[in-house]
Amino acid sequence: MTDATLTTRKPVLGESQRNGLIAGGVLALFIAALVVATQTGTITRNDWTYKIFVDPFVSMVDMPDLLVQTVWEGFVAGVLYSLIALGFVLIFKASGVFNFAQGIMVVFAALSLVGIYEFLTLTLGMPAGFVAALVAMAGALGIMFVLAVAVERIVLRPLVNQPDIIMLMATVGLTYFLIGFGEYIFGGSPKVMITSQLGLPTGSTMLDFAGGRINIQHLDLAAAIIAAVMIAVLGFFFQYTRIGRALRAVADSHKAALSVGISLNQIWVIVWFTAGIVALLTGIMWGARSDVSFALEIIALKALPVLIVGGFTSIPGAIVGGLIIGVGEKIGEFYWGPLLGGGIESWLAYIIALMFLMFRPQGLFGDKIIERI
Amino acid sequence: MKTTRLALGLGLGLVAGFAAVSPVGAQESINFVHNTYRTGAFSGSGIPVADGVRDYFTMLNNRDGGIGGVRINFEECETQYDTRRSVECWEQAKSKNSVVYVPWSTGAALATIPRAHIDKMPIFSMAYGLSAAAVGGTFPWVFNPPLTYWDGASVWIQYIAQREGGLDKLRGKTIGLILLDAPFGREPIPVLEALAREHGFTLKTYPIPPAEMQNQSSTWLAIRRDRTDWVLVQGWGAMNPTAVREAGRTGFPRDKVIGIWWAGGDDDARPAGPDARGYLALSWHQVGTNFPVIQDILRHVVDRGQSNSAREKIGENLYNRGVYQGMLIAEAIRNAQRLTGKRVVTGEDVRRGFEVLNISAARWTELGAPDFAAPVALTCADHNGHHAAFVIQWDGTKWNRASDWIRPDRARIRPMLEEAARAYATSNAGWPARSETCDQPS
């Protein structure tokens, strides 16, 4: 953003939202008409209109337990997407750059955690368990801090006031460095996340619901709670503290922030370290659902549609965007996926994001940019 | 004086230069450039396989001085399971006169099959790649023993029928196939669809896009919604441990989840901990280190610090599969040496060596692997063999054999493969008719 740019908040219900509501209303009327048409026999079960517009809703009503389970799975995925998106938002706010390296930071942080734990227990002979896991956690946080300082010193400081595209390319370079460095240190073999050693719950609880059952994984519950707490703390930190205000100043203009005595270097270290903490938590949660390998990097791409929906500059946007994408793609995959042969959720997230873009190009909570000429 | 010294220097330089490039005294070697993926999203599956095959050839070099007295110059080409990189590796293998190309990816196999007969480099895609390449008359340069994905589909259904009490008990059942949404994942679908029609079960397919390998919750919800009785896993890389974990998370009986042979890695089951107990996969060779060939690897490679693998991973399922692949390729090179009388063979020679590949039970023993795998034999017409497989089961710490040998329904599969091969040749204009001569096995 240049100095000639002003940032304003939009009214709660702008023209585009009104249009959105009207569109939603029209859609609801359309669905109601289809239901009536089905009831009266105008549309049969084999018609594509029935399969697309009626059958999924009939399934939702027939099997409410599966609907709730799908929404829950979407919610958990959404919270985790939010966490990833948060890493992007923090760095974007501080440096105006899309941090391409956020995905590999997730992998690097998780590998550091597991790698240090293995080193402590296998090489140094420390008893396996919670204490070793805590020490490993502290070690992984230390590595993320060192990484933040190194990024600030080596990558960002020489690039102050350079065009954004230069900064983006620097993070692309950082990504490939971290991939190579991570593979050199930890190897390419997948590792098992130390879930139980960290005290994270395993197992599940079955809840009876509407004649069916809902399976709540304790790990998912913990992930949702930890992510929610993390987001709340970060939200508070960046909204109400001196550093948070400094961060927002930096986001508006590097030059202006420097002129009022804000240390750009300090802010960047704080923000990259925070993004590192977020990456570590994301790595633990996703790693516990599968394994810790370089494949986790792909998960970070999920943040893109989340950022499109929520805006690149808003922490609440990352949360709401994550939940919309998470729940939206799971519902879409579950109820409409079979019509298209399944496996649609990877691109469905972008379709959902594009639909939001049509009504709010700056994202749900993004700042509307007014360029004065 | 100056001129004399210059002339002397030039003369010495020339002599030294000639000595360096002269074949006299240079060690003979056979080049083998092998695709691997030790990095990237599929490294979990790629590393143990690469370690197994690499260690086997290192062992042959250390123990026997190579094959037939010629050292094997084994090189790896990193692909990250990326087809574009794999094709670059084809070019590298070609430029280094590799005697065989091992794609380790169905996508890469499909991309390079049209080049094999032009560049005279055989493709060895062991139990993966284009299933129709089993038809040697159409694909003289491609070999995919010991069985194809189509055979695997047949074995899957026969095993399920055994557990259900007969093929007639399959009627009304729902069998789900979760598959990596890539050429590899889609390979078994034609046979499963045909078997579903014949035996009256419902086939549900659940494709997993590569970007969603570790994000399968909606797939397993769909499995629950469809009341799927059995789940087949055509997966690779990080998709497999996630599938096993999700089966555990959703409470789907693990002993009704059967992976293809590539979903049977120790690292596919291990991350799920106790949740993985009971998980099944297909295989065609044994696990463990209790074979002379593996002991030789430990002695001649691992003990000398020349292996990339951790000692405790030697003998794991995918490691032994790499060794198995190494043994088949080494045998083809031996055959080529025998057929041609040459010590240093070429890709064309090794192609002939594959066509007469015949490893009997006695030969497995000679190779240091008694009862390691079933006999495998190829012919000019049949580049696959459609050999039997069995089911292995994860007990929480290791794989154990859980069924007898199950022979695929060759009578059903072979005509389908021949039809698919014909269709391939027709749809690829100018596909050459086989002109390669056929050697008789001795």
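The values are calculated or read from the model by the stated rules, or taken from the named source; none is laboratory data. Only a predicted model underlies this, so the values are computations on that prediction, with no experimental measurement involved. Cβ placement follows ideal geometry from the backbone for every residue including glycine, while neighbour counts extend to all protein chains displayed. What goes into the accessible areas is simple: the full protein's heavy atoms, side chains included, and nothing from ligands, DNA or RNA. Shrake-Rupley method; radii C 1.70, N 1.55, O 1.52, S 1.80 Å.
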Checklist entry - Of all the residues that make up the range A:70-97, how many are assigned to a helix (DSSP H, G or I) and either farther than 16 Å from A:I298 by Cβ or more than 14 Å from the chain's Cα centre (by Cα) (or both)? => result 18
Next on the checklist: For the range A:165-185, give me each residue that is touching a helix residue (DSSP H, G or I) at 6+ places or on another chain (Cβ under 9 Å) and more than 23 Å from A:L296 (Cβ to Cβ).
Outcome noted: A:I166, A:M167
Checklist entry - Restricting the search to the range B:164-212, which residues are at the interface with chain A (Cβ under 7 Å from one of its Cβ atoms) and among the hydroxyl-bearing types (S, T, Y)? => result B:T205, B:Y206
Checklist outcome for this item: Note on B:K256: of the conditions (1) in contact with a strand residue (DSSP E or B) (Cβ under 7 Å, 6 or more places away or on another chain); (2) within 14 Å of another protein chain (Cβ to nearest Cβ); (3) open to solvent by 50 Å² or more (accessible area, probe 1.4 Å); (4) of a type in the set (K, R), unmet is (2)
Item to check | Residue selected from the range B:164-185 under the condition at negative phi and without any contact (Cβ under 8 Å) to a residue 40 or more places away in the chain, by the criterion nearest to the chain's Cα centre (by Cα) | outcome: B:D181
Item to check | Subset of the range A:337-355 [away from every other protein chain (no Cβ under 11 Å) and either closer than 15 Å to B:D226 by Cβ or among the acidic types (D, E) (or both)] | outcome: A:L339
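Quick grid of which residues meet (1) open to solvent by 10 Å² or more (accessible area, probe 1.4 Å); (2) modelled with pLDDT of 90 or more; (3) in contact with a helix residue (DSSP H, G or I) (Cβ under 8 Å, 6 or more places away or on another chain):
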position: A:V89; (1), (2), (3): no, no, yes
position: A:N99; (1), (2), (3): no, no, yes
position: A:M105; (1), (2), (3): no, yes, yes
position: A:F108; (1), (2), (3): yes, yes, yes
position: A:E118; (1), (2), (3): yes, yes, no
position: A:A140; (1), (2), (3): no, yes, yes
position: A:L147; (1), (2), (3): yes, yes, yes
position: A:L156; (1), (2), (3): no, no, yes
Next on the checklist: Residue under question is B:D371, and the condition is that it be closer than 30 Å to B:P241 by Cα, in the same structural domain as B:H34 (by TED's automatic domain parsing), open to solvent by 10 Å² or more (accessible area, probe 1.4 Å) and assigned to a loop (DSSP other than H, G, I, E, B); does it hold?
Outcome noted: yes
Item to check | Residue that is modelled with pLDDT of 95 or more and either farther than 18 Å from B:S360 by Cα or assigned by TED's automatic domain parsing to the domain that holds B:D255 (or both), where the choices are B:G273, B:G315 | outcome: B:G315
Checklist outcome for this item: Quick count over the range B:48-74, residues being outside any helix (DSSP H, G or I) and open to solvent by less than 60 Å² (accessible area, probe 1.4 Å), is 8
Checklist entry - So is B:A243 more than 17 Å from B:G185 (Cβ to Cβ), of a type in the set (A, V, I, L, M) and buried (at least 23 other Cβ atoms within 10 Å of the Cβ) or not? => result no
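Per-residue answers, yes or no, for (1) at the interface with chain A (Cβ under 9 Å from one of its Cβ atoms); (2) assigned to a helix (DSSP H, G or I); (3) open to solvent by 10 Å² or more (accessible area, probe 1.4 Å); (4) of a type outside the set (D, E):
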position: B:Q214; (1), (2), (3), (4): yes, no, no, yes
position: B:R224; (1), (2), (3), (4): yes, yes, yes, yes
position: B:R227; (1), (2), (3), (4): no, no, yes, yes
position: B:F252; (1), (2), (3), (4): no, no, yes, yes
position: B:G273; (1), (2), (3), (4): yes, yes, yes, yes
position: B:T289; (1), (2), (3), (4): no, no, yes, yes
position: B:R299; (1), (2), (3), (4): no, yes, yes, yes
Item to check | Any chance A:V292 is modelled with pLDDT of 90 or more and within 14 Å of another protein chain (Cβ to nearest Cβ) | outcome: no
Next on the checklist: Out of everything in the range A:158-187 that is surrounded by fewer than 20 Cβ atoms within 10 Å (Cβ to Cβ) and of a type in the set (G, A, S), what residue ends up being farthest from the other protein chains (Cβ to nearest Cβ)?
Outcome noted: A:G173
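Matching residues to (1) on the phi > 0 side of the Ramachandran plot; (2) modelled with pLDDT of 85 or more; (3) in contact with a strand residue (DSSP E or B) (Cβ under 8 Å, 6 or more places away or on another chain); (4) more than 14 Å from every other protein chain (Cβ to nearest Cβ):
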| position | (1), (2), (3), (4) |
| --- | --- |
| A:T205 | no, yes, yes, no |
| A:N215 | no, yes, yes, no |
| A:G261 | yes, yes, no, yes |
| A:L264 | no, no, no, yes |
| A:I267 | no, yes, no, yes |
Next on the checklist: Condition first: β-branched (V, I, T), open to solvent by less than 10 Å² (accessible area, probe 1.4 Å) and in contact with a Ser or Thr (Cβ under 9 Å, 6 or more places away or on another chain). Now tell me which residues in the range B:156-211 satisfy that.
Outcome noted: B:I175, B:I178, B:V191, B:I208
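Of all residues in the range A:235-281, which are outside any helix (DSSP H, G or I) and surrounded by fewer than 18 Cβ atoms within 10 Å (Cβ to Cβ)?
Once the filter is applied, which keeps residues that are outside any helix (DSSP H, G or I) and surrounded by fewer than 18 Cβ atoms within 10 Å (Cβ to Cβ), the range A:235-281 yields A:T241, A:S253, A:V260, A:G261, A:S263.
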Next on the checklist: If I filter the range B:375-426 down to residues being polar (S, T, N, Q) and within 22 Å of B:R351 (Cβ to Cβ), which single residue comes out as surrounded by the most Cβ atoms within 10 Å (Cβ to Cβ)?
Outcome noted: B:N384
Checklist entry - Of (1) open to solvent by 10 Å² or more (accessible area, probe 1.4 Å); (2) within 24 Å of B:V99 (Cα to Cα); (3) assigned to a helix (DSSP H, G or I), B:R343 satisfies all except one. Which? => result (3)
